[in-house]
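Participant: Okay, handing you the structure first.
The values are calculated or read from the model by the stated rules, or taken from the named source; none is laboratory data. Note that the structure is a prediction, hence the values are computed from the model and not measured. So basically every Cβ, Gly included, is an ideal-geometry build from the backbone, and we count neighbours across all protein chains shown.
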């Protein structure tokens, strides 16, 4: 037979491939697959092989029916024993096959797999206790989505169910409602008042909560957009105000600099610039000193009453040309 036909999903004759890391997941799929094919096969796996035994009416004892005396219906029934073993073999990899190849019946094979990967009754009880603790302590954080919370919750209740432990649907609904964050309190109250929790399924509850979650998200986006617009407006206003303050400060600084320059200018003029003079008055004031007279006199005629510019005596160099030397 072509090996491609044994690939899972390409042939309905191939059972789900064994997964040691997700044994509970594989166990549930395998059980569903076998039951969909033949209920007698699942009966053989869980309860043991069919036996070719008949009760002797005289001795009231069970006797094995020889192969020659077996009817066609009994032979078909006994063939279920090998069919059940073959279904399990087809689902197992070589490593797992080496664990169970010494088992004679499908029931022994199935029991070996359960003990190896699921543990004995003590291990099973410990796993149940751990899952029950997770179930009781299950809470939903403020930022967690309904899809994410339901995925975690569903993993717990599915694992409990695989270990033959579980709660009622009503309990699941109430537990999920109690696990919601306080921000959902108004919605939880509305559901409790409008719905009959005894008949409300968990899937219906999740759908209802997801619709409300979408509404909350949309409202939050609207509020966020308004806040952003307000923030942008305030920022623009602040920048405009800062610009005006900067301009005003610059103008004040320029005015102060102009005043300082103006004061410096007049200070320099008052200290160094010569004032207009009347020569006679200036001379009259300058000749009076502490002693009432001045030592200054005309350089040309030695008259102390005037300077050389007012001397009546003509200069002896008047008619001489000035000699200008130069190269």
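Participant: Given the criterion surrounded by 13 or more Cβ atoms within 10 Å (Cβ to Cβ), at pLDDT below 90 and either under 42 Å from the mean Cα position of the chain (by Cα) or not in a strand (DSSP E or B) (or both), identify the matching residue among 108, 8, 96.
Facilitator: 96 is the lone residue from the list that is surrounded by 13 or more Cβ atoms within 10 Å (Cβ to Cβ), at pLDDT below 90 and either under 42 Å from the mean Cα position of the chain (by Cα) or not in a strand (DSSP E or B) (or both).
Participant: Which condition number does residue 43 fail, the rest of (1) at pLDDT 90 or above; (2) more than 17 Å from residue 164 (Cα to Cα); (3) loosely packed, with under 15 Cβ neighbours inside 10 Å being met?
Facilitator: With (1) at pLDDT 90 or above; (2) more than 17 Å from residue 164 (Cα to Cα); (3) loosely packed, with under 15 Cβ neighbours inside 10 Å applied to residue 43, the lone miss is (3).
Participant: Another one. Among the residues of the range 162-171, are any in a helix (DSSP H, G or I), free of Cβ contacts under 8 Å to residues at least 60 places away in the same chain, assigned by TED's automatic domain parsing to the domain that holds residue 125 and in contact with a helix residue (DSSP H, G or I) (Cβ under 9 Å, 6 or more places away or on another chain)?
Facilitator: Yes, the conditions are met somewhere in the range 162-171.
Participant: Has the range 135-148 got at least one residue that is under 27 Å from the mean Cα position of the chain (by Cα), within 24 Å of residue 31 (Cβ to Cβ) and not assigned by TED's automatic domain parsing to the domain that holds residue 25?
Facilitator: Taking every residue of the range 135-148 in turn, at least one turns out to be under 27 Å from the mean Cα position of the chain (by Cα), within 24 Å of residue 31 (Cβ to Cβ) and not assigned by TED's automatic domain parsing to the domain that holds residue 25.
Participant: What's the number of the only condition in (1) surrounded by 11 or more Cβ atoms within 10 Å (Cβ to Cβ); (2) in contact (Cβ under 8 Å) with a residue 40 or more places away in the chain; (3) in contact with a helix residue (DSSP H, G or I) (Cβ under 7 Å, 6 or more places away or on another chain) that residue 134 fails to meet?
Facilitator: Of everything listed in (1) surrounded by 11 or more Cβ atoms within 10 Å (Cβ to Cβ); (2) in contact (Cβ under 8 Å) with a residue 40 or more places away in the chain; (3) in contact with a helix residue (DSSP H, G or I) (Cβ under 7 Å, 6 or more places away or on another chain), residue 134 misses just condition (2).
Participant: Can you confirm whether residue 74 is within 26 Å of residue 158 (Cβ to Cβ) and outside the structural domain of residue 157 (by TED's automatic domain parsing)?
Facilitator: Criteria not met by residue 74.
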